[in-house]
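These notes are about the structure you will find just below.
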Amino acid sequence: MNLMKDRLLLIIFACVVLAAPLIFAPTGAAYPDLLQRFAIYGIFAIGFNILFGLTGYLSFGHAAFLGVGSYSAVWMFKLLSMNIVPALLLSIVIAGVFSLLIGYISLRRSGIYFSILTLALAQMCYNLAYSVLTPLTNGETGLQLRLDDPRILDAAGDAGSLPSTNFFGLEMKEVFWNPTIFGYDLQFNWGYYVCALLLILSFWISIRIFRSPFGLILRAVKTNQTRLNYTGINSRPYTLAAFVISGMFAGLAGGLLATMDPLAGAERMQWTVGGEVVLMVVLGGMGTLSGPVLGAVFIKYFENIFSKINDGVLHGWFAIMPEWIENAMVLIVSPFVGKGWHLTLGALFMIVVIFLPGGLVEGAQKIGAKLSGANKRAAKVGIE
Amino acid sequence: MGILEVQNVNKRFGGLQALNNVNLSVTEGSVHALIGPNGAGKSTFLNCLIGKLKPDTGSVMFDGKPVLGKKPHEINQLGVSRVFQTPEIFSDLTVFENVMIPCFAHRDGAFKVNAFARVLRDKEIRQQAEHMLEDMGMKDKMNAHAGSLSRGDKRRLEMAMCLVQEPKLLLLDEPTAGMARADTNNTIDLLKHIGETRNITKVIIEHDMHVVFSLATTISVLAQGTIIAEGLPEEIKGHPKVREAYLGEAEV
Amino acid sequence: MDAILLQVLNGIDKGSAYALIALGLTLIFGTLGVVNFAHGALFMIGAFVAVTVGKILDISKVTLDPVRVDFLGNPAKIKTPYVTEWFGEFGFWMIEWSVLVSVIVAIPVMVLIGIILERGLIKHFYDRPHADQILVTFGLAIVLQEVIKAVFGANPIPQSAPELLKGSLDFGVMIGMAENTVIYPLWRLVYFCFSDLIIGGVFAFLRFTTFGMVVRAGMADRETVGLLGINIDKRFTIMFGVAAAVAGLAGVMYTPINPPNYHMGMDFLVLSFVVVVVGGMGSLPGAVAAGFLLGILESFASMPLIKDAIAAIGLPSIDQIIIYLVAVIVLLVRPRGLMGKAGMMED
């Protein structure tokens, strides 16, 4: 029965993701660049949830793996080929190696100490990228493509301009279908669909991990590590495996960011970026399957759409009211939108942490359960 | 040669000699109770057995293998399970999941990445867990949240989690501490039931004389870090040293 | 010799800031068991208290000059700060020494902010998992930072030190060296002395007052102190206020060194955590010692001489990461930190 629920969830998820250019059209978010970010940060959050949601180990250092993934991908574009497959593979592998190293050190401790350690180590990676590793990262300028890059496999194709990333010839940026549906001008591009397929794959992997003995033991780590150890299970390699898996997801996300725009900078490794994925997972619902993706979409939507609301737009909103109310409303609302959207995000995040530890998914379930009353079991589909 | 052999174990905390040359031999199949007044060193001794503390000197052999210096999960994998004073269970998981985890530990060892197997498709594990819950009379609570169980049921669940691993030795650390008389009697019945159906060696650390004399086949008395007497329950009851050190403070 | 002295001096002002923030973090962790991710934000708020005080003191009455004209031919405007009009000479003194005024203002303001935060928010998280405490203080840090950004804007706002303390000190001459070998900005020296004063004050408060003794007893064994019928919670709340004030004062005094901006708190936060961890979680002397140590170490690693020496043996320059490197090594070799209690961080 559980199996059926999971299949249903996966199918619904896949449909929504594949139809996203249409679904998001009314919200103004259906342009390829933003949709791609939704998918990429969704992958990042899904990976992070495998560590944080299951084991409860709160890492503030996952930005490091995102950055490492981007650097690896760009190097692959420079040295080998503009095909994204080798680039993404290298991103995952290198991020995996990095997370093994950082995880090995920081998992010697648990709880708050673990969080602080990951924070320090990630910040160290960030500073390394700026200083010691400049030959690899190109320091503050960031790593970029150049015309004289070797690109062993496909350098011949460059004709005086920088090549773009592709998936066996399908250019990531290319819009392959540009219909007008329901009055909306839609754009379907390859880049989004590559990310979308990887997102669905990630979601499927996350379902499998959640339902596996491995996932069960990770959840046991969160609830009672003492008992787990006295049950004959060595929790350290389990948590390390979860850490590495989530690091590899972050690496994949970083690589995908580089396929959108083949440059990589150290600012992607700053710990506040790692804090952002924490926000996504907590906001959406830690430990739930669909929560992290929801959180990622939510925050990226905010970042790109909410931040563009300026006073002019606000005046438009409140135009029906008497002028003094209109002005007052604009005055009240404006600190929270536009450039101030971070404030809304921070406040919302605090509200969720304080009142809704299960995130938006739990909130939706609570509301759903209240509406449907008796049928409580059905409301749990998402979480179990 | 007993299944558990403790020789000359010493442990100091600063100026306090918590354990002073403790020797203990537990025969296979017996129910060995370790009793003693407060502060006698019972908990310290137990913690030395399960790898939480490292004694200063001495040796602990279980089933012919040295135990000292091993981590808790390694000791468990040798066949030692432990019941805690307050039940340690996975309170965020369901009862069924609680019992399945030790099954996995027993079959797959201390670490195995099986991230793509499905828990619910694992017939062997499911059956083991279901049988155990049935045996413990908890099958109807299978899908309940472990954290929502009553205290007695939590204890029962913890026992189930230990027993499903088919341990060679079960350590019980004051299994009835803080329980009402009725719950205590239930626990005694449960332990008796376990004794009838399985041949597991047990070491019980206990305060309650009623529990000790209902269950134990052998009793060792620990006082001020030393074993002052050992024998059958009847012998211990009449032992003058024991009366002096211990029974003075509790009624038998 | 002079170079070494110079680096030590260069290290101590940053070290002082680390020490002060780490001290506050440790006070909160030791008393309430909470890792306060918003502590950097308190440092930042302190700095903006100074900015606010500076702005308030600068509110001026504008009059038109009867004689002079500006370049457009209009009568020139004369700004007379109200404080000078009200208090005369003392008003000018207040503007000149606005940092000092800010210190006086910051103490009650920061204590109050600390107490409000603890009672209003953090109190409700004692029974929640540690991860939740980190999350809520992290969220709080974002909110505080964004509020400051909304009010004061995103650009750094330079603050000046009093004229008297603006110059540099030829430290070398004072200890019998040649002139101009060890030049040290005066304000940094002030900062160092000030932080020593605060650190000394906090330690004295904990050691010599009854209140402090109770707090220390509570840090060691909360339950027992509670059983004695002492309301330890109230005292811990006040300690949260004290910790906030320490961070705030560190921020106020730091404004002439570095123009405050809204994200300065986050920048300092990570390093302060590293300091706390190196010093030993929960150890107050450890936090202070590690603060100075890491500050000085950082300054040494950026010294040209040392950089050359490191480059000579074929290693890349490590001044950017030395602190983290030390932290990782300390944690691997001695998990409890330099002065931490046994058992701390070892599980």
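With the checklist (1) crowded, with 22+ Cβ neighbours inside 10 Å; (2) facing chain A (nearest Cβ under 7 Å); (3) of a type outside the set (S, T, Y) in hand, flag the one item B:V99 doesn't pass. The failed condition is (2). Would you confirm, using the coordinates I've provided, whether C:L294 is surrounded by 21 or more Cβ atoms within 10 Å (Cβ to Cβ), more than 11 Å from chain A (Cβ to nearest Cβ) and modelled with pLDDT of 75 or more? Judged against the criteria, C:L294 is a match. Just name the residue that is farthest from the other protein chains (Cβ to nearest Cβ) out of those in the stretch A:281-293 that are under 29 Å from A:F167 (Cα atoms) and under 10 Å from the mean Cα position of the chain (by Cα). My answer is A:V293.
Taking the condition more than 14 Å from chain B (Cβ to nearest Cβ) and either in a helix (DSSP H, G or I) or within 30 Å of A:S106 (Cβ to Cβ) (or both), does A:I299 pass? Considered against the rule, which asks whether it is more than 14 Å from chain B (Cβ to nearest Cβ) and either in a helix (DSSP H, G or I) or within 30 Å of A:S106 (Cβ to Cβ) (or both), A:I299 comes out as yes. Which members of the stretch C:207-225 meet the condition of being within 24 Å of the chain's Cα centre (by Cα) and crowded, with 19+ Cβ neighbours inside 10 Å? Once the filter is applied, which keeps residues that are within 24 Å of the chain's Cα centre (by Cα) and crowded, with 19+ Cβ neighbours inside 10 Å, the stretch C:207-225 yields C:V215, C:M219. Scanning the stretch C:134-162 for residues that are closer than 27 Å to A:V337 by Cα and polar (S, T, N, Q), we see that the one that is farthest from the other protein chains (Cβ to nearest Cβ) is C:N155.
In the condition set (1) under 30 Å from A:L3 (Cα atoms); (2) at the interface with chain A (Cβ under 7 Å from one of its Cβ atoms), B:R107 is compliant with all but (2).
Any residue that is more than 14 Å from every other protein chain (Cβ to nearest Cβ), of a type outside the set (F, W, Y) and either over 30 Å from B:Q128 (Cα atoms) or without any contact (Cβ under 8 Å) to a residue 60 or more places away in the chain (or both) - is there at least one of those in the stretch B:71-90? No, that holds for no residue. Output the residue which, of all residues in the stretch A:52-105 that are within 14 Å of chain C (Cβ to nearest Cβ) and surrounded by fewer than 20 Cβ atoms within 10 Å (Cβ to Cβ), is nearest to A:A266 (Cα to Cα). Only one residue fits best here, namely A:L101. Looking at C:V49, C:V35, just one residue is touching a helix residue (DSSP H, G or I) at 6+ places or on another chain (Cβ under 9 Å) and either outside any helix (DSSP H, G or I) or surrounded by fewer than 18 Cβ atoms within 10 Å (Cβ to Cβ) (or both), and that residue is C:V35. The helices (runs of 4 or more DSSP H) found wholly in the stretch B:122-221 and carrying at least 1 residues that are among the polar types (S, T, N, Q) and modelled with pLDDT under 90 occupy B:181-197, B:209-215.
Applying the criterion of being without any contact (Cβ under 8 Å) to a residue 40 or more places away in the chain and part of a helix (DSSP H, G or I) to the residues of the stretch A:1-16, the residue that is farthest from A:A63 (Cα to Cα) is A:M4. Against the definition (of a type in the set (A, V, I, L, M, F, W, C), touching a Gly at 6+ places or on another chain (Cβ under 6 Å) and either surrounded by fewer than 22 Cβ atoms within 10 Å (Cβ to Cβ) or within 14 Å of chain A (Cβ to nearest Cβ) (or both)), how does B:A223 come out, yes or no? Spelling it out, B:A223 is indeed of a type in the set (A, V, I, L, M, F, W, C), touching a Gly at 6+ places or on another chain (Cβ under 6 Å) and either surrounded by fewer than 22 Cβ atoms within 10 Å (Cβ to Cβ) or within 14 Å of chain A (Cβ to nearest Cβ) (or both). Restricting attention to the stretch B:6-41, the residues being surrounded by fewer than 21 Cβ atoms within 10 Å (Cβ to Cβ) and more than 17 Å from B:T217 (Cα to Cα) number 15. Considering the conditions (1) at pLDDT 90 or above; (2) in contact with a Gly (Cβ under 7 Å, 6 or more places away or on another chain), B:L93 is excluded by exactly one of them, (2). Screening C:D127 against (1) surrounded by fewer than 17 Cβ atoms within 10 Å (Cβ to Cβ); (2) charged (D, E, K, R); (3) part of a helix (DSSP H, G or I) leaves a single unmet condition, (3). The set of residues in the stretch A:115-145 that are crowded, with 22+ Cβ neighbours inside 10 Å, closer than 25 Å to A:D261 by Cβ and more than 7 Å from chain C (Cβ to nearest Cβ) comprises A:A122, A:C125, A:Y126, A:A129, A:T137, A:L143. Inspect the stretch A:284-292 for any residue being assigned by TED's automatic domain parsing to the domain that holds A:A120 and either free of Cβ contacts under 8 Å to residues at least 24 places away in the same chain or within 30 Å of A:T137 (Cβ to Cβ) (or both) and give the result as yes or no. Among the residues of the stretch A:284-292, at least one is assigned by TED's automatic domain parsing to the domain that holds A:A120 and either free of Cβ contacts under 8 Å to residues at least 24 places away in the same chain or within 30 Å of A:T137 (Cβ to Cβ) (or both), which makes the answer yes. When the test is whether a residue is over 19 Å from B:V211 (Cβ atoms), away from every other protein chain (no Cβ under 13 Å) and buried (at least 22 other Cβ atoms within 10 Å of the Cβ), B:L133 passes it. Answer with yes or no whether A:T272 is out of contact with any strand residue (DSSP E or B) (no Cβ under 8 Å at 6 or more places or on another chain), surrounded by fewer than 24 Cβ atoms within 10 Å (Cβ to Cβ), within 8 Å of another protein chain (Cβ to nearest Cβ) and within 30 Å of B:I50 (Cα to Cα). When the stated conditions are applied, A:T272 does not pass them.
For C:V270, are the conditions met, namely being over 16 Å from A:L128 (Cα atoms), touching a Gly at 6+ places or on another chain (Cβ under 9 Å), of a type in the set (V, I, T) and within 14 Å of another protein chain (Cβ to nearest Cβ)? In short, no. Just one residue in the set C:E85, C:E96, C:E118, C:E89 is away from chain A (no Cβ under 14 Å), within 17 Å of C:N36 (Cβ to Cβ) and of a type in the set (D, E); that residue is C:E118. Considering each residue of the stretch C:325-336 in turn, none proves to be within 14 Å of another protein chain (Cβ to nearest Cβ) and at pLDDT below 75. Every condition in (1) buried (at least 24 other Cβ atoms within 10 Å of the Cβ); (2) more than 27 Å from A:L198 (Cβ to Cβ) is met by A:R227 except one, and the failing one is (1). Identify all residues within the stretch B:145-182 that are among the small types (G, A, S) and either closer than 19 Å to B:G195 by Cα or within 14 Å of another protein chain (Cβ to nearest Cβ) (or both); write none if there are none. If the condition is that a residue be among the small types (G, A, S) and either closer than 19 Å to B:G195 by Cα or within 14 Å of another protein chain (Cβ to nearest Cβ) (or both), then B:A146, B:G147, B:S148, B:G152, B:A160 are the ones that fit. Restricting the stretch C:53-72 to residues that are within 39 Å of the chain's Cα centre (by Cα) and without any contact (Cβ under 8 Å) to a residue 40 or more places away in the chain, the residue that is farthest from C:W97 (Cα to Cα) is C:V62.
The values are calculated or read from the model by the stated rules, or taken from the named source; none is laboratory data. Computed from a predicted structure; not experimentally measured. Here Cβ is always computed from backbone atoms with ideal geometry, including for glycine, and neighbour counts include all displayed protein chains.
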